[in-house]
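To start, the structure itself, in structure tokens.
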Amino acid sequence: MLETFYDVMRRQGISRRSFLKYCSLTAAALGLGPEFAGKIAHAMETKPRIPILWLHGLECTCCSESFIRSAHPLAKDVILSMVSLDYDDTIMAAAGQQAEAIIEETIQKYDGNFILAVEGNPPLNQDGMSCIIGGKPFLDQLTHVAKHCKAIISWGSCASYGCVQAAKPNPTRATPVHKVIHDKPIIKVPGCPPIAEVMTAVVTYILTFEKFPELDRQGRPKMFYSQRIHDKCYRRPHFDAGQFVESFDDEGARKGYCLYKVGCKGPTTYNACSTIRWNEGTSFPIQAGHGCIGCSEDGFWDKGSWYARLTDIKQFGIEANADTVGMVAAGSVGVAIAAHAAASAVSRAKANHAKQEQPVATSDQGE
Amino acid sequence: MAVITTPNGYSLDNSGQRVVIDPVTRIEGHMRCEVNIDANNVIRNAVSTGTMWRGLEVILKGRDPRDAWAFVERICGVCTGCHALASVRAVEDALDIKIPLNAYLIREMMAKTLQVHDHVVHFYHLHALDWVNPVNALKADPRATSTLQQTVSPVHPLSSPGYFRDIQTRIKRFIESGQLGPFKNGYWDNPAYRMPPEADLMAVAHYLEALDMQKEFVKLHTVFGGKNPHPNYLVGGVPCAINMDQNYSAGAPLNMERLNFVRARIEEMIAFNKNVYVPDVIAIASFYKNQLWGGGHGAVNVMDYGDYAKVPYDKSTDQLPGGVILNGNWDEVMPIDPRNPEEVQEFVTHSWYSYPDESKGLHPWDGITEPNYVLGPNAKGTRTNIQELDEGAKYSWIKAPRWKGHAVEVGPLSRYTIAYAKGIGYVKEQLERSLGAFNQLAQTNLDAKAALHSTIGRTLARALESEYCADMMMDDWHALIANIKAGDTATANMDKWHPDTWPAEAKGVGNVAAPRGALGHWIRIKDGKIENYQCVVPTTWNGSPRDPAGNIGAFEACLMNTPVERPNEPVEILRSLHSFDPCLACSTHVMGPDGEELTTVKVR
């Protein structure tokens, strides 16, 4: 569990008198009156909100943008009341040396007791200098902070798998987090980006239950990534009935038929888009008429055109010949269920073999 | 180095104290800035460096042009969708595909929603802390804030003293916790912050309101594109088919309920712009009326391609027209042609790339990207631990684009300068009304030329553009309804969907008025695959390093001669850099680290 700030200071040999002086100076530095010193001291003697250092490597910031779209909980409530987002270069007030100082301060105060959130990934080519932070490779910052953290959240497909910059030929050798950090628990929350409410649900689960949620063998939370888009798609009955969109804006497209023949990757993509949906449940790609592009799957950029039919996934119940798929629907669903059950059994066995869940220290959620 | 005078009129003197800011925060991507500050605390030399690249154009070679939008959309998740739009426009231009009117209007609404969302999030969550001091807000009397709110925006309903007291209490408890989160190590006792506590409290309240509202705005993307960030696009139109009253309408992408939902979001955007965003910027600017520096190239040397044509494919109906203005001559707006090899060119003398002849620039259709990561002889530190860069040599991953050799600024201020100079009625009326309100609050008498040539001018133009875009969007919505009512429900033109309908070779350009400025994608298609893909994005223009002639780019120019309160606290530097809304993932995605891979790239 987290020590309080006061505990840490006492452990480091700082007297109570010096601690109170520190609180007065902090109040003064913020331009606040002396009455604030007592309140700051009280807060530092009680359990702190869990600190998060949110680092950015090679990425496009879509994960941060998604995170602030969260409706329940609201992003402002996460940031003001649940966690202490002490470093996130996208929104933090400080820059340069004042920003970098926060990392060292956090490591000193909360060594082994903070969460590292990673958006993006480190490139390894060019001595790592295709992503420079403070004059040095991002890889240096990542490995330094990772050494001292409690656990890592790999946000999005960049941190989890590499994503677009790692698509062939991966010119910068962009490398996912788990391939450079081997000695910390990592939870992957893939997607380009992940759904906002999935991101905040992962954070609040960790805070509430003081551990990672149950993970699959790839390190994804089962609660959001154990079903394919196809399994719960509202257009699934059209797939089963053999009713397909043949071309964009055709009669089928206007009736909301299945998008399988125009390339939908829903049958091979594990994510919660068809259940939780996007932006407070407003819609999801298939409802808006475009097939799933599989953005939460490893290497989805190199698995063929968005508009090419899936042909190589018979084990999940999609026949190679799409024109017959409706007619054999009942049979293929049976195959799918059997195959899925077998895959799940294998994954359970593997998960039990290498237990993934590790407790993560957290704090009260009060302000 | 002695004092150098650049061809574009700046005196650079690097003899003073060198201050390094790395990372520059509250931007998209990674950036470094170095400045020299003289004995009077005035910036006399500025060096801006892009510190990341991802090589997306290398990755695109050999792929299906119809897939490109999704790859380039991931250039940036902040200005999400504008690269996808530029991409489908470039492919359609190359293949001579005309999209249906409904698809055009839906794309227009998506582009303008991005403008509003991006501008609002930029102002409140990336830029506001350069002007607003949240700690100072604790000292405010909520009644005074309520009075101020009702003065600057009488129609905004969230204005009671109790409302502001609740916000203040929440911030107070947050700061008393001693865990300051994103506000930690801010510059809260720096005298560069000039607002009274009641204004700071109002702005902090709106920081939180904007955070709640921005997630509503983007739901327009979710209806048309299925998700946000990164909604889906389609070459030939839009993927969201229309079904107003036939069987299965409820499960169709667009029906009456969906269009009503969209209209409600547009109304929210209009209200937030008019009631909160624009009044806030004018009010905040009035407290900084004596800090009108940061002009640089702003409102003086400006460029945009033009966008938002009222009539599809008719550039003469652009509601924000394109063109180039040089040397502050608002009487002459020169035309720009993105296809002309002599106009838009990129230079690399000060970028980490090499050309066979670096004295010349290259048009994007003929671009070369051969990396050459070297530090100059006067750089301090090592290759992987840079202390100070040598701006006399190569010093950035960003290339230096120029228009006929001129360094120009792009962005909302540039578009507004051009629109004002061209006499666009909406812009003229809006700008004059806003400047009137500013002059009244600040008790000044600034004309448009004086007010816009500043950091504040850049920030104001962005707010006005957000208001304009939301208003235009409602016109688009009505036009969509009218067109459907007239019997046209087409959303995609699939005539040239299959590659066997394409010519063996084709090339095209796609231009978009992206939130940060003029965006261009250039594509060459050969045998159904992408042969070459180049993007010249807004932050490449603004964040560019020097060119062979020594002209400095817009970021560097805006910092020149700015006085700073404390050399080691970059409040004024961040304020001016943020006024551009830098996007470094955009500007530096173009580069491949290995020159050979560009010519011998292995494709799937």
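For the stretch B:395-425, which positions are surrounded by 24 or more Cβ atoms within 10 Å (Cβ to Cβ), modelled with pLDDT of 95 or more and assigned to a loop (DSSP other than H, G, I, E, B)?
Correct list: B:Tyr395, B:Ala407, B:Val408, B:Val410, B:Gly411.
Would you confirm whether any residue within the stretch B:347-365 is of a type in the set (Asp, Glu) and under 30 Å from B:Ala393 (Cβ atoms)?
Checked the stretch B:347-365: at least one residue is of a type in the set (Asp, Glu) and under 30 Å from B:Ala393 (Cβ atoms).
If only one of B:Thr491, B:Thr444, B:Thr459 is more than 23 Å from B:Pro239 (Cα to Cα) and surrounded by 24 or more Cβ atoms within 10 Å (Cβ to Cβ), which one is it?
Details: B:Thr491 fails: more than 23 Å from B:Pro239 (Cα to Cα); B:Thr444 fails: surrounded by 24 or more Cβ atoms within 10 Å (Cβ to Cβ).
Exactly one residue qualifies, and that residue is B:Thr459.
Return yes when A:Ile50 is at the interface with chain B (Cβ under 7 Å from one of its Cβ atoms), touching a residue at least 40 places away in the same chain (Cβ under 8 Å), within 18 Å of the chain's Cα centre (by Cα) and crowded, with 19+ Cβ neighbours inside 10 Å and no when it is not.
Values: at the interface with chain B (Cβ under 7 Å from one of its Cβ atoms): no; touching a residue at least 40 places away in the same chain (Cβ under 8 Å): yes; within 18 Å of the chain's Cα centre (by Cα): yes; crowded, with 19+ Cβ neighbours inside 10 Å: yes.
In short, no.
I'm trying to understand the selection: among the residues of the stretch B:560-604, which are more than 9 Å from chain A (Cβ to nearest Cβ), surrounded by fewer than 19 Cβ atoms within 10 Å (Cβ to Cβ) and modelled with pLDDT under 70?
Selection gives B:Gly595, B:Glu596, B:Thr599, B:Thr600.
Keeping to the stretch B:208-251, report how many residues are part of a helix (DSSP H, G or I) and touching a residue at least 24 places away in the same chain (Cβ under 8 Å).
To start, the set of residues in the stretch B:208-251 that are part of a helix (DSSP H, G or I) comprises B:208-217, B:219-225, B:249-251.
Imposing the further condition that a residue be touching a residue at least 24 places away in the same chain (Cβ under 8 Å) reduces the set to B:208-211, B:213-214, B:216-217, B:219-221, B:223-225.
The total comes to 14.
Restricting the first residue to the stretch B:43-57 and requiring it to be touching a residue at least 60 places away in the same chain (Cβ under 8 Å) and farther than 21 Å from A:Lys136 by Cα, which pairs with a second residue that is among the small types (Gly, Ala, Ser) and not in a strand (DSSP E or B) meet a Cβ separation below 7 Å and a spacing of at least six or different chains?
B:Arg44/B:Gly16
Examine the stretch A:93-115 for a residue that is assigned by TED's automatic domain parsing to the domain that holds A:Ile153, closer than 30 Å to B:His221 by Cα, in a loop (DSSP other than H, G, I, E, B) and free of Cβ contacts under 8 Å to residues at least 60 places away in the same chain, and state whether such a residue exists.
yes
Filter the stretch A:2-21 down to residues that are surrounded by 13 or more Cβ atoms within 10 Å (Cβ to Cβ) and more than 18 Å from A:Lys47 (Cα to Cα) and give me whichever is modelled with the highest pLDDT. Break it down stepwise before answering.
Initially, the stretch A:2-21 is screened for residues surrounded by 13 or more Cβ atoms within 10 Å (Cβ to Cβ), giving A:2-10, A:14, A:19-21.
Now narrow it down to the ones that are more than 18 Å from A:Lys47 (Cα to Cα): A:14, A:21.
Working: A:Ile14: 78, A:Lys21: 83.
The qualifying residue modelled with the highest pLDDT is A:Lys21.
Within the stretch A:1-60, track down each residue that is touching a Gly at 6+ places or on another chain (Cβ under 6 Å) and part of a helix (DSSP H, G or I).
Filtering the stretch A:1-60 down to residues touching a Gly at 6+ places or on another chain (Cβ under 6 Å) leaves A:40, A:43-44, A:56-60.
Of everything in the stretch A:1-60, those that are touching a Gly at 6+ places or on another chain (Cβ under 6 Å) and part of a helix (DSSP H, G or I) turn out to be A:Ile40, A:Ala43, A:Met44.
Could you please let me know if A:Gly156 is crowded, with 20+ Cβ neighbours inside 10 Å, over 30 Å from B:Gln387 (Cα atoms), in contact with a strand residue (DSSP E or B) (Cβ under 9 Å, 6 or more places away or on another chain) and small (Gly, Ala, Ser)? Spell out how you get there, then give the answer.
Working: crowded, with 20+ Cβ neighbours inside 10 Å: yes; over 30 Å from B:Gln387 (Cα atoms): yes; in contact with a strand residue (DSSP E or B) (Cβ under 9 Å, 6 or more places away or on another chain): yes; small (Gly, Ala, Ser): yes.
Taking the combined requirement at face value, the residue satisfies it.
In the set A:Ile40, A:Ile79, which member is β-branched (Val, Ile, Thr), farther than 29 Å from A:Lys136 by Cβ and at the interface with chain B (Cβ under 7 Å from one of its Cβ atoms)? So that I can check it myself, show each step before the final result.
Values: A:Ile79 fails: farther than 29 Å from A:Lys136 by Cβ.
Step by step, each of A:Ile40, A:Ile79 is checked, and only A:Ile40 is β-branched (Val, Ile, Thr), farther than 29 Å from A:Lys136 by Cβ and at the interface with chain B (Cβ under 7 Å from one of its Cβ atoms).
Given (1) surrounded by 14 or more Cβ atoms within 10 Å (Cβ to Cβ); (2) of a type in the set (Gly, Ala, Ser); (3) out of contact with any Asp or Glu (no Cβ under 8 Å at 6 or more places or on another chain); (4) more than 30 Å from A:Lys136 (Cα to Cα), identify the lone condition not met by B:Gly392.
(4)
Within the stretch A:102-117, can one find any residue that is at the interface with another protein chain (Cβ under 7 Å from one of its Cβ atoms), buried (at least 18 other Cβ atoms within 10 Å of the Cβ) and of a type outside the set (Phe, Trp, Tyr)?
We begin by selecting, within the stretch A:102-117, every residue at the interface with another protein chain (Cβ under 7 Å from one of its Cβ atoms); these are A:102.
After this cut, where a residue has to be buried (at least 18 other Cβ atoms within 10 Å of the Cβ) as well, the list is A:102.
Cutting the leftovers down to of a type outside the set (Phe, Trp, Tyr) gives us A:102.
Among the residues of the stretch A:102-117, at least one is at the interface with another protein chain (Cβ under 7 Å from one of its Cβ atoms), buried (at least 18 other Cβ atoms within 10 Å of the Cβ) and of a type outside the set (Phe, Trp, Tyr), which makes the answer yes.
For (1) without any contact (Cβ under 8 Å) to a residue 40 or more places away in the chain; (2) over 17 Å from the mean Cα position of the chain (by Cα); (3) closer than 20 Å to B:Arg26 by Cα, each residue gets a yes or a no:
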residue	(1), (2), (3)
B:Asp118	no, no, yes
B:His122	no, no, yes
B:Leu129	no, yes, yes
B:Lys139	no, yes, no
B:Arg143	yes, yes, no
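If you check B:Tyr313, B:Tyr248, B:Tyr308, which single one turns out to be farther than 23 Å from B:Ser87 by Cα, hydroxyl-bearing (Ser, Thr, Tyr) and surrounded by fewer than 24 Cβ atoms within 10 Å (Cβ to Cβ)? Let's see the steps before the verdict.
Working: B:Tyr313 fails: farther than 23 Å from B:Ser87 by Cα; B:Tyr308 fails: farther than 23 Å from B:Ser87 by Cα.
The match here is B:Tyr248.
Restricted to the stretch B:252-267, and to residues that are of a type outside the set (A, V, I, L, M) and not in a helix (DSSP H, G or I), which residue is farthest from B:His117 (Cα to Cα)?
Going through the stretch B:252-267, the residues of a type outside the set (A, V, I, L, M) turn out to be B:253, B:255, B:257-258, B:260-261, B:263, B:265, B:267.
Cutting the leftovers down to not in a helix (DSSP H, G or I) gives us B:253, B:255.
Values: B:Pro253: 23, B:Asn255: 24 Å.
The residue in question is B:Asn255.
Give the stretch B:11-29 a look and list any residue that's surrounded by fewer than 21 Cβ atoms within 10 Å (Cβ to Cβ) and of a type in the set (Ser, Thr, Tyr), or say none.
Passing the criteria: B:Ser11, B:Ser15.
Quick check on the stretch A:281-290. Is at least one of its residues under 27 Å from B:Cys240 (Cβ atoms) and either at pLDDT below 95 or touching a Leu at 6+ places or on another chain (Cβ under 7 Å) (or both)?
yes
Could you tell me whether the stretch B:178-198 includes any residue that is within 7 Å of another protein chain (Cβ to nearest Cβ), in contact with a Gly (Cβ under 6 Å, 6 or more places away or on another chain), without any contact (Cβ under 8 Å) to a residue 40 or more places away in the chain and not in a helix (DSSP H, G or I)?
Yes, the stretch B:178-198 has at least one match.
Which residue is farthest from B:Gly237 (Cα to Cα), if the candidates are limited to the stretch A:221-277 and must be surrounded by fewer than 24 Cβ atoms within 10 Å (Cβ to Cβ), under 21 Å from the mean Cα position of the chain (by Cα) and small (Gly, Ala, Ser)?
The selected residue is A:Ser226.
Of the numbered conditions (1) in the same structural domain as A:Ile293 (by TED's automatic domain parsing); (2) outside any loop (DSSP other than H, G, I, E, B), A:Thr208 satisfies every one except a single condition; which is it?
Result: A:Thr208 fails condition (1) only.
If you scan the stretch B:30-50, which residues turn out to be in contact with a Gly (Cβ under 8 Å, 6 or more places away or on another chain), buried (at least 24 other Cβ atoms within 10 Å of the Cβ) and either of a type in the set (A, V, I, L, M) or assigned to a loop (DSSP other than H, G, I, E, B) (or both)?
In the first step, residues of the stretch B:30-50 are kept if they are in contact with a Gly (Cβ under 8 Å, 6 or more places away or on another chain); the result is B:30-32, B:36-39, B:44-45, B:48, B:50.
Adding the requirement that they be buried (at least 24 other Cβ atoms within 10 Å of the Cβ) leaves B:30-32, B:45, B:48, B:50.
Hits for the stretch B:30-50 are B:His30, B:Met31.
Within the stretch A:85-100, how many residues turn out to be more than 7 Å from chain B (Cβ to nearest Cβ), out of contact with any helix residue (DSSP H, G or I) (no Cβ under 6 Å at 6 or more places or on another chain) and over 10 Å from B:Ile21 (Cα atoms)?
Counting residues in the stretch A:85-100 that are more than 7 Å from chain B (Cβ to nearest Cβ), out of contact with any helix residue (DSSP H, G or I) (no Cβ under 6 Å at 6 or more places or on another chain) and over 10 Å from B:Ile21 (Cα atoms) gives 1.
Quickly run through the stretch A:57-76 and pick out the residues that are more than 7 Å from chain B (Cβ to nearest Cβ) and more than 20 Å from A:Ala174 (Cβ to Cβ).
A:Phe67, A:Ser70, A:His72, A:Pro73
The values are calculated or read from the model by the stated rules, or taken from the named source; none is laboratory data. The structure presented is a predicted model; accordingly, all values stated were derived computationally and were not measured. Because the Cβ atoms are built from the backbone with ideal geometry, glycine has one as well, and the counts that use them run over all protein chains shown.
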